[in-house]
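J.: Pasting a structure here, questions to come.
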Amino acid sequence: MIDIRLIRKDPERVKTILALRDKELPSLIDSILEIDCRRREIQARVESIRSARNSLSREVGKLKREGKDTSEIEKKVRELKEEIEALEKEMDSLGDDQLSMMMRIPNLPHESVPRGEDENENVEVRRWGEPRRLNFEPRPHYELGERLGILDFERGARLGGSRFTVVKGDGALLERALINFMLDRHREKGYIEVLPPHLVRSEILEGTGQLPKFEEDLYRCERDGLYLIPTAEVPLTNLFRGEILKEEDLPIYLTSYTPCYRREAGSHGKDIRGIIRQHQFNKVELVKIVHPEKSYEELESLVRDAEEILQLLELPYRVVELCTGDLGFSASKTYDIEVWFPSQGRYREVSSCSNCEDFQARRMKTRFKDREGRNRLVHTLNGSGLAVGRTLAAILENYQREDGTVEIPKALRDYMGGKSLIS
RNA sequence: GGAAGGGUGGCCGAGCGGUCGAAGGCGCGGCGCUGGAAACGCCGUGUGUCCCUUUAGGGGCACCGAGGGUUCAAAUCCCUCCCCUUCCGCCA
């Protein structure tokens, strides 16, 4: 959630910035401002009446102890109460309206974010590695996987429907090796490993921004009111919700391996073949909870931490800075890391690293006490470190040989019992 | 799932219809004492929101797990939900 005070202070500036994301947003700001104004006016009235009620009530107590008649005052208070209830009802409904609108406003892009409509206007920041020169036509990962017997799409669909895949044998081993490899690297960098719940309550999803706006993308367990997490960002970022941390507790670095569950509503027909877009996929996530003055340098190091995994795996990639129109809901600034896919002749996203500034912290009420004793909102960051399934697919494609076998990256061999080839 | 007992400030813990934002203790900060420290003494120390004056401050309102209700008045009584503890049942 963005700061309502920002809207009160300079609505035109907020509108200009939000228009960079979506041209529909500025009109929402006008409605919020109007409601906010009315709500506060009523609040002031309610509170002054309530103040009068409180002092009359105290009076009743005093008089009763003295054995005096209080029926006159009691009648007066009852009248005030009715007045309060009517105003309060109006105030609450305005408050609800305001909050639900505020919850649907995305974060403000940072001033450094390139302006643009959609992903075509994202800006490449750097490239690492040279795509291997293959003297044969590269096969797509799903073809390699099926031929090697490590990806089984047919049986996956039998079990869970479309966008579910069974990973077997050396494929399962490779996936597990990748998870351990990634977690170990992050742990060495000071990230605390966490195994969180995979089912969470709705307010947890509200904290990170998936709800109320993106209900359609989530799997929900109706009977229990719980949702399957779409990313470990959700439980990790919410870990300290409602807490007031000490300044010296910051920064907090967290890492977690979890499966991610996404309905992928609205992506029909996209990436239908292979394991690029699945309803369930494994991901190692990085989350940082930091001092607001440090969050942009923390974003840079977060991206580097994710990049290092690809460097160690010797997979060519590039880093892209998302433009204002392509930015996710909660993010102020985002870098995507894209790895090279030979069969597609292009780079595909394996990580998205964002600084959400105080947008999530405000929803979660995660604060810290600064040196002056003031409570301030923390800044939160998250990034994939990395999407495991897509990394596996990238390994299959980049390390394939003409005979359809796949070499195992050197960095992973110790994690695979010394194996160097999947055949 | 069944039974019982609980959820109060950074922590422990009292309060069970009015004078309670809440005793007392611990912790923390300041001051005093001291050569310095311990001990001791004094003072201070929750969060949110709105308004007024605006470096600083002053006032109102709300918050004692969450949401409703009863009452002139609720931390205190009633209802619903959530969570924790113990016992029983079930179970990886």
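The values are calculated or read from the model by the stated rules, or taken from the named source; none is laboratory data. Every value quoted in this text rests on a predicted model; they were computed, and no experiment measured them. Cβ sites come from the backbone with ideal geometry, for glycine too, and all protein chains shown count toward neighbours.
J.: Answer with yes or no whether A:Glu188 is assigned by TED's automatic domain parsing to the domain that holds A:Ala265, more than 28 Å from A:Leu396 (Cα to Cα) and free of Cβ contacts under 8 Å to residues at least 12 places away in the same chain.
T.: Judged against the criteria, A:Glu188 is not a match.
J.: Hey, does region A:58-75 have a residue that's within 12 Å of RNA strand B (Cβ to nearest atom), of a type in the set (Gly, Ala, Ser) and assigned to a helix (DSSP H, G or I)?
T.: Yes, region A:58-75 contains a residue that is within 12 Å of RNA strand B (Cβ to nearest atom), of a type in the set (Gly, Ala, Ser) and assigned to a helix (DSSP H, G or I).
J.: Right, something else. Go through region A:238-270 residue by residue and tally those that are closer than 14 Å to A:Val284 by Cα and among the β-branched types (Val, Ile, Thr).
T.: Number satisfying all stated conditions: 2.
J.: Taking region A:333-374 on its own, how many of its residues are surrounded by fewer than 18 Cβ atoms within 10 Å (Cβ to Cβ), within 16 Å of RNA strand B (Cβ to nearest atom) and part of a loop (DSSP other than H, G, I, E, B)?
T.: 6
J.: Which pairs do you get when a residue that is of a type in the set (S, T, N, Q), found in region A:192-221, comes within reach of a residue that is modelled with pLDDT under 90, reach meaning Cβ atoms under 8 angstrom, with the pair 6+ apart or on two chains?
T.: That search, which allows pairs on different chains as well, returns A:Ser202/A:Gly225.
J.: Would you mind stating whether A:Tyr399 is among the aromatic types (Phe, Trp, Tyr) and free of Cβ contacts under 8 Å to residues at least 12 places away in the same chain?
T.: yes
J.: Name the residue, out of A:Glu143, A:Glu137, A:Glu124, A:Glu130, that is farther than 25 Å from A:Met416 by Cα, outside any loop (DSSP other than H, G, I, E, B) and in the same structural domain as A:Ile276 (by TED's automatic domain parsing).
T.: Matching residue, one of A:Glu143, A:Glu137, A:Glu124, A:Glu130: A:Glu124.
J.: Looking at A:Pro212 and the list (1) more than 28 Å from the chain's Cα centre (by Cα); (2) more than 26 Å from A:Glu298 (Cβ to Cβ), which single condition is not satisfied?
T.: A:Pro212 satisfies all of (1) more than 28 Å from the chain's Cα centre (by Cα); (2) more than 26 Å from A:Glu298 (Cβ to Cβ) except (1).
J.: Further, regarding this structure: For residues that are among the hydroxyl-bearing types (Ser, Thr, Tyr) and exposed (fewer than 13 other Cβ atoms within 10 Å of the Cβ), tally how many sit in region A:388-422.
T.: 1
J.: Pairs please, first residue from region A:1-27 and surrounded by 14 or more Cβ atoms within 10 Å (Cβ to Cβ), second anywhere and hydroxyl-bearing (Ser, Thr, Tyr) and in a helix (DSSP H, G or I), Cβ atoms under 9 Å, 6+ apart in sequence or on different chains.
T.: Every condition considered, the pairs that remain are A:Lys15/A:Ser27; A:Ile17/A:Thr324; A:Leu20/A:Thr324; A:Arg21/A:Thr324; A:Pro26/A:Thr16.
J.: Are there any pairs with C-beta distances below 8 angstrom linking a residue in region A:118-142 that is small (Gly, Ala, Ser) to a residue that is part of a loop (DSSP other than H, G, I, E, B) and surrounded by 13 or more Cβ atoms within 10 Å (Cβ to Cβ), with the two at least 6 apart or on different chains, and if so which?
T.: So the pair list comes out as A:Gly129/A:Glu314; A:Gly129/A:Leu315; A:Gly129/A:Pro316.
J.: Next up: Residues that are among the hydroxyl-bearing types (Ser, Thr, Tyr) and farther than 24 Å from A:Glu111 by Cα: does region A:311-320 have at least one?
T.: Scanning region A:311-320, I find at least one residue that is among the hydroxyl-bearing types (Ser, Thr, Tyr) and farther than 24 Å from A:Glu111 by Cα, so the answer is yes.
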